[in-house]
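This report concerns only the one structure given below.
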Amino acid sequence: MANQNKAQEQKPVSKKEKNKKRRKRKVIIVAIELIVLLGVLVWVWLNSKMDKLNTDVSFQGQDVRVELPKETKDVLVEYTTIALFGLDNREGNSYNSGNSDVIMVARIDKATKEVRLVSVYRDTFLKMADLDNPNAYSKANAAYAVGGPEQAVRMLNTNLDLDIQEYVSFDFSAVAEAVDILGGVEIEVTDAEVVHLNNYCIETSKVTGKSYTTLPGAGTYTLNGVQAVSYGRIRYTAGDDFKRTERQRLVVEKMVEQALSSDMGTINKLIDVVFPKIKTSLSKTQILSLAADAFNYKLGDNAGFPFDRKNEVVSISYQKGRQDCVIPADLASNVKQLHDFLFGTTSYQVTDSVQGISDEIEYRTGIGEEED
């Protein structure tokens with residue numbers, strides 16, 4: 001009876017209130033529809049941009065993998081690791097061969113979004129991981145020249161106990177275009193570097209079809225595309241190729257800084273112009289997944305590999321004659337340092353395979369681990 005009285009006491013909902021509720025529902029529905037539409041438009045836009053990529057559909061990640069212990073796999077799965085190859089490619093638009101004068105391993109921590117870069121010195125004496133010539137050893141950059149990205153990635157995995165399954169390749173032109181679109185990169189240049197930078201600009205300008213101005217002397221400059229590429233090619237100052245890889249990583253660091261502070265118009269132009277000039281095994285889905293966290297990435301430390309090394313002229317059967325190479329001293333101890341640097345595994349033990357390669361390099365060159 002009490003409940004019946006309460007029901008009778010409730011005021012009927014007025015027509016005005018009903019209309020107000022209907023309008024509110026319509027606003028919510030329209031808002032949801034607009035959000036969905038915006039999502040569809042963004043997806044269509046991103047898809048159209050991804051179509052500009054030179055995607056390597058023939059590259060199969062499982063074909064370049066090596067056997068690794070479970071404990072190593074459990075660590076590596078926490079990171080995204082990608083091989084980066086900068087090709088000394090003067091003809092352009094060919095990414096299936098050529099010496100990879102830039103060889104980098106990019107490691108992204110999935111949890112912290114920290115990115116670390118390691119340059120593998122192009123003249124490092126390593127096993128080539130050539131399926132047709134399993135006993136071949138040569139300079140690291142020869143792997144790409146002989147067997148393209150597949151052999152180059154397999155070479156890195158084989159010698160470094162890594163599980164890289166993706167790569168990105170680019171040439172002079174792609175870097176020069178990107179630097180120009182980003183408005184240049186600010187870098188301090190020494191007197192010794194200026195001389196070689198200006199000399200390299202002559203050829204780089206011809207290859208890329210882009211202009212430059214000669215630098216008058218030492219100082220801090222905003223380098224344009226041709227100048228930045230030329231700066232990254234310098235190898236005849238103190239430090240030789242080791243210093244050159246530092247310059248290359250510095251250019252990358254400056255480009256990332258510029259990109260992260262750029263507006264959408266710049267990013268859009270960067271995608272339109274640069275994407276067709278690179279080749280990658282990454283799929284649209286993978287790229288979109290990485291792009292979703294783009295503004296959360298932060299650059300961490302970078303390094304060159306091998307950490308401990310010697311220069312030595314050694315006989316190379318894979319490339320004719322005797323050549324000046326970078327010899328890991330020794331490979332096993334350097335791989336331990338690499339895994340500590342990239343993944344924080346301070347007590348890493350190399351695989352039997354890497355230990356065997358390390359022993360073979362010492363046998364062929366006479367150079368082993370440095371004595372303290």
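What follows is calculated from the coordinates using simple rules that are stated; it is not laboratory data. Here the structure is a predicted model, which is why all the values come from computation and not from measurement. We place every Cβ from the backbone using ideal geometry, glycine too, and count neighbours over all the protein chains shown.
Starting with the highest mean, order 323-329, 122-128 by the number of other Cβ atoms within 10 Å, averaged over the residues of each peptide. Present the calculation step by step, with values, prior to reporting the outcome.
On the way: 323-329: 22.0, 122-128: 24.4.
So the order, starting with the most tightly packed, is 122-128, 323-329.
Distances over 10 Å make up what percent of all Cα-Cα pairs in segment 325-365?
Details: 557 of 820 pairs.
Of the Cα pairs, 68 percent sit more than 10 Å apart.
With a 10 Å radius around each residue's Cβ, average the other Cβ atoms per peptide and rank 352-361, 313-322, 147-156, 274-283, highest first. Could you put the intermediate results ahead of the total?
On the way: 352-361: 17.5, 313-322: 13.3, 147-156: 24.4, 274-283: 19.7.
Answer by packing, highest mean first, reads 147-156, 274-283, 352-361, 313-322.
Compute the separation of the alpha-carbon centres of segment 91-130 and segment 203-233 and state it in Å as a whole number.
Spelled out, the Cα-based centre of one part sits 23 Å from the other.
Find, to one decimal place in angstroms, the Kirkwood hydrodynamic radius of segment 269-372, where the mean of 1/r is taken over every pair of different Cα atoms and then inverted. Mind showing how you got there, number by number?
Details: mean 1/r = 0.0581 Å⁻¹.
It works out to 17.2 Å.
What length, rounded to one decimal in nm, is gained on full extension from Q349 through to K52, with 0.36 nm per residue of separation minus their alpha-carbon distance? Could you put the intermediate results ahead of the total?
Numbers: separation 297, 0.36 × 297 = 106.92 nm, distance 4.22 nm.
Value of the extension gain: 102.7 nm.
Using 1/(1 + (r/R0)^6) with R0 = 35 angstrom and r between the beta carbons of D272 and E78, what's the FRET efficiency to the nearest 0.05? Before the final figure, lay out each step's value.
On the way: r = 34 Å, r/R0 = 0.97.
It comes to 0.55.
When Rg is the radius of gyration of the Cα atoms in segment 111-263 and Rh is its Kirkwood radius, what does Rg/Rh come to? Walk me through the numbers before you get to the answer.
On the way: Rg = 17.2 Å, Rh = 17.0 Å.
That ratio equals 1.01.
Averaging sequence separations of C-alpha pairs under 8 Å and six or more residues apart, then dividing by the length of segment 98-169, give the relative contact order as a whole percent.
On the way: 109 pairs, mean separation 18.6, N = 72.
Once normalised by length, the contact order is 26 percent.
Of all the Cα-Cα pairs you can form in segment 174-310, what percent are over 20 Å apart? Intermediate values should be presented prior to the final figure.
Numbers: 4840 of 9316 pairs.
Within segment 174-310, distances greater than 20 Å cover 52 percent of Cα pairs.
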